[in-house]
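Nothing in this text is a laboratory measurement; each read-out follows from the coordinates by a stated rule. Nothing here was measured: the structure is a model prediction, and the numbers come from that model. A quick note on method: Cβ atoms are made from the backbone with ideal geometry, for glycine too, and the neighbour counts reach across all protein chains shown.
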Amino acid sequence: MNVLARSQAPAPDTDTGVLLSARGLTKVYDTGEVKVQALRGVDLDVHRGELLVMLGASGSGKSTLLNILGGLDRPTEGDVQFEGKSLTRRSDAGLTRYRRNHVGFIFQFYNLVPSLTARENVALVTEIARDPIPPEEALDMVGLAARLDHFPAELSGGEQQRVAVARAIAKRPALLFCDEPTGALDSKTGIQVLEALDHVNRELGATTVVITHNVGIAEMSDRIIRLSDGLIVDIDEVGRAKKPSELSW
């Protein structure tokens, strides 16, 4: 494992292989009586097309970092660059355009509209995307071609999460951010979701960042980023040692 010391952080990388670059990210939440430092100076390059897993205990800063990289939040200090251009300096409208045009999100809970079918849930995204994948194709990519017209209540938890994956990828995002996507699933259905993410990453080339507390999942990634107390403490090159079906849960 390579320990990433804050003082040894590389300069911003202008290489075309780096899609997203973060330097010196700090995040302080001020609740009035207490200040919580969620990030303490994080430097990270995310490479085009890779599948990256972030590991860490609750409170380590994983979700805060993902939210900043995804344009859902701003750092207290530091800068994030997407394709060599600063996100941190963008207006709120600029961050909205970044999220709409370039980013897909998948969370632990599926957030599907109960009154809409799988096809219609995915169509919510394709109606506003610049170059969408048809809902039928997106659902086929995650193995749900036979469930297009089923409502969420008629789908299992794993199937609902795969609809959420299809919805996220339907706008052809450059970046796919997944926060505990298997956290509410058992091992069998969780592996089905991970297989869908792996397939999408390879098929579409979407750079994929997965937050998890499950160490076993990390072995399907290109790299493992370990966080503790708001710092990156290890970066481990894995090289996709295992397929999702081979993971220990």
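Collect residues whose amide H, placed 1.01 Å from N in the peptide plane, falls under 5 Å from the amide H of residue 50; neighbours closer than 5 in sequence don't count.
Close amide H contacts, sequence-distant or interchain: 208.
Determine, from the Cβ-Cβ distance of residue 100 and residue 237 and an R0 of 22 Å, the FRET efficiency 1/(1 + (r/R0)^6), rounded to the nearest 0.05.
Numbers: r = 33 Å, r/R0 = 1.49.
With R0 = 22 Å, the Cβ-Cβ based efficiency is 0.10.
Using θ = phi - 60° and the Karplus form 6.51 cos²θ - 1.76 cosθ + 1.60, what ³J(HN,Hα) does each residue of region 214-229 get, whole Hz, x for Gly and Pro?
Per-residue couplings from phi come out as 8, 4, x, 4, 4, 6, 8, 8, 7, 9, 10, 10, 9, 10, 8, 6 Hz.
Among 245, 228, 221, what is the fewest-to-most ranking by other Cβ atoms within 10 Å?
Result, fewest neighbours first: 245, 228, 221.
Could you list 33, 159, 50, 120 so that the one with the fewest beta carbons within 10 Å of its beta carbon is first and the one with the most is last?
On the way: 33 5, 159 21, 50 18, 120 15.
In order of increasing Cβ crowding within 10 Å: 33, 120, 50, 159.
Which lysines, on any chain, are close to residue 35 with Cα under 22 Å apart, when same-chain ones fewer than 8 places away are left out?
27, 62
List, in order, the whole-Hz ³J(HN,Hα) value for each residue of region 174-183 obtained from phi through the Karplus relation with A = 6.51, B = -1.76, C = 1.60 and θ = phi - 60°; use x for Gly and Pro.
Ordered by residue, 3J(HN,Hα) equals 6, 10, 10, 9, 10, 9, 6, x, 10, x Hz.
Mind jotting down the three principal axis lengths of the chain based on Cα atoms? Whole angstrom, largest first.
Reported extents, whole Å, longest axis first: 53, 43, 42.
Given the alpha-carbon gyration tensor of region 59-136, what are the semi-axes of its equivalent ellipsoid in whole angstrom, ordered largest first, with each equal to the square root of 5 times an eigenvalue? Walk me through the numbers on the way to the answer.
Details: eigenvalues 149, 57, 17 Å².
Over the Cα atoms of region 59-136, the semi-axes work out to 27, 17, 9 Å.
Could you give me the ³J(HN,Hα) list for region 36-51, computed from phi with Karplus coefficients 6.51, -1.76, 1.60 and θ = phi - 60°, whole Hz, x at Gly and Pro?
Per-residue couplings from phi come out as 10, 9, 7, 10, 10, x, 9, 10, 7, 10, 10, 8, 4, x, 7, 10 Hz.
In the chain, which helices (entire DSSP H runs) extend 24 Å or more along their own long axis, judged by Cα positions, while averaging at least -1.0 on the Kyte-Doolittle scale?
Qualifying helices: 187-204.
Just tell me which aspartates and glutamates come within less than 13 Å, Cα to Cα, of residue 242; anything on the same chain fewer than 8 places away is out.
The qualifying aspartates and glutamates are 195, 198, 219, 222.
Based on the alpha-carbon gyration tensor of region 111-210 and its eigenvalue square roots a ≥ b ≥ c, which shape applies: rounded if a/c is under 1.5, prolate if not and a/b is larger than b/c, or oblate?
Details: a/c = 1.61, a/b = 1.02, b/c = 1.59.
Oblate is the answer for region 111-210, as a/c is 1.5 or above yet b/c matches or exceeds a/b.
What value, in deg cm²/dmol to 500, does the helix sum -39500 (n - 2.57) over DSSP H runs of n ≥ 4 give at 222 nm once divided by the residues of the chain?
-8000 deg cm²/dmol
Full extension from residue 73 to residue 215: what is 0.36 nm times the residue separation minus their Cα-Cα distance, to one decimal in nm?
Using 0.36 nm per residue and subtracting the Cα-Cα distance, I get 48.5 nm.
Restricting attention to region 130-197, which trypsin sites (Lys or Arg not before Pro) occupy a DSSP loop and are surrounded by at most 12 other Cβ atoms within 10 Å?
130
How many angstrom lie between the C-alpha centres of region 168-227 and region 74-151?
15
Between residue 89 and residue 154, what is 0.36 nm times their sequence separation minus the Cα-Cα distance? Round to one decimal in nm.
Going from the current span to full extension adds 19.0 nm.
Grab the Cα-Cα distance for residue 146 and residue 47, subtract it from 0.36 nm times how many residues apart they are, and report the gain in nm with one decimal.
Roughly 32.2 nm would be gained on extension.
Residues with amide H under 5 Å of residue 228's amide H, sequence separation 5 or more or different chain, H placed in the peptide plane at 1.01 Å from N; which?
It is 233, by chain and number.
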